[in-house]
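The values are calculated or read from the model by the stated rules, or taken from the named source; none is laboratory data. This is a predicted model, so every value here is computed, not measured. Backbone-built Cβ (ideal geometry, glycine too); neighbour counts: all protein chains shown. We work out accessible area using only protein heavy atoms, side chains counted, and drop any ligands, DNA or RNA first. Shrake-Rupley method; radii C 1.70, N 1.55, O 1.52, S 1.80 Å.
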Amino acid sequence: MLRAFRERWFWYAMLAILAWAAWVFSAKFGSDQLPPNTEQFVAAFGFLVLGMVVFASMRFRVERNGKGPAYGIICGVLLAGGAVASFAAYRTGASTPVITTLIAMYPMVTVALAVVILRERLNRLQTLGVLFAIAALVIFSL
């Protein structure tokens, strides 16, 4: 674990956790004020601002890659669709911790797809982790 502290990926992951945690709070507060579609439209301006900062940090150079931009657009559409669904869930007034925990289970879909499509296998410890994650979801929703 100590080795991870020296790795760049670890600090990017920590930044993602902090940003997404703050996003949940802003999404919840925003969903009390705006309908989901409007909130996503307004949130897109945040994406645009950050996108321009990142683009400027790249000295306004565009990566030339055949499939890359298409995957980027697909990723953005899926991210926006998930955000709209999240905003709608928070707007219902249901428990924010339960909604957030359920949404945070999205890696389980990735694991399932990896097993089914990529034919990857889970070892016993990983299978136990999946079962604990499912149990945590059930306990959280009680």
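Here is how the number arises for the chain: DSSP H runs of 4 or more residues each give -39500 (n - 2.57), the sum is divided by the residue count, and the result at 222 nm is -25000 deg cm²/dmol. Using C-alpha pairs below 8 Å separated by at least 6 residues, the relative contact order for the chain is 28 percent.
Candidates T92, G76, A43 compared by Cα position along the dipole of region 1-99: farthest toward the positive end lies G76, with charges placed on Cβ. Here the dipole of the chain is about 560 debye; that uses its Cα centre as origin and unit charges on the Cβ of Lys and Arg (positive) and Asp and Glu (negative).
The 3J(HN,Hα) values that the Karplus relation (6.51, -1.76, 1.60; θ = phi - 60°) gives for region 65-80 are, in residue order, 8, x, 8, x, x, 5, 5, x, 5, 4, 4, x, 5, 5, 4, 5 Hz. Gly and Pro appear as x. Qualifying trypsin sites (Lys or Arg not before Pro) in region 92-142, where qualification requires a DSSP coil assignment and no more than 15 other C-beta atoms within 10 Å, comprise R119, R121.
Of the chymotrypsin sites (Phe, Trp or Tyr not before Pro) found in region 15-119, those in coil by DSSP whose Cβ has at most 14 other Cβ atoms within 10 Å are F60. Here the accessible area is traced with a 1.4 Å probe on the protein chains. For the chain, carbon and sulfur cover 73 percent of it.
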